[in-house]
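Colleague: I am attaching a structure below and will ask some questions about it afterwards.
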Amino acid sequence: MPRSCRPVASAKLVEFVVDNGSGLQDGEDKMKTTITTALCVMALLAASVTPAQATRDGSSLAVTADVLLARPACLVATIIGSALFVVSLPASIPSKSVKKTAHTLVATPAKATFTRPLGELSSLDAD
């Protein structure tokens, strides 16, 4: 069959299918309906799935956030707390609250900086 006849044969097949209203078109409609139904079911199932927890203690993201953000912030809090403790001594000595002031301003941030395990961010929550 020469090349010039191929498009004509394809055009005649399309005319036959469209004129008769049967053949390939019914199969295509069923396939479209099946695919549309499957997509709708998948969308409903995907929408009803509960999301997982984003991070947990000890995960790589928590460790990275701890090293880059939390530890430096706790170190700065320890330094500022130490300076504030020295400044507050004239007020805390007469009120006999030196231990409580030292614990709040120096010991708590120092523990968070130097003794807390890497990635354990839950211990930073206010008590």
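Quick note: the coordinates plus some simple rules give every number you see, no bench work behind them. Nothing here was measured: the structure is a model prediction, and the numbers come from that model. Every residue, glycine among them, receives a Cβ derived from its backbone with ideal geometry; neighbour counts consider all protein chains shown.
Colleague: Looking at segment 78-127, which trypsin sites (Lys or Arg not before Pro) are in a loop (DSSP not H, G, I, E or B) and have at most 14 other Cβ atoms within 10 Å?
Modeller: Those that pass, being in a loop and sparsely packed, are Lys96.
Colleague: Follow-up question, since we're still on this one. Whole-Hz Karplus ³J(HN,Hα) for segment 89-104, in order, using 6.51 cos²θ - 1.76 cosθ + 1.60 and θ = phi - 60°, x for Gly and Pro?
Modeller: Per-residue couplings from phi come out as 4, x, 8, 7, 5, x, 8, 6, 10, 5, 4, 5, 5, 5, 5, 5 Hz.
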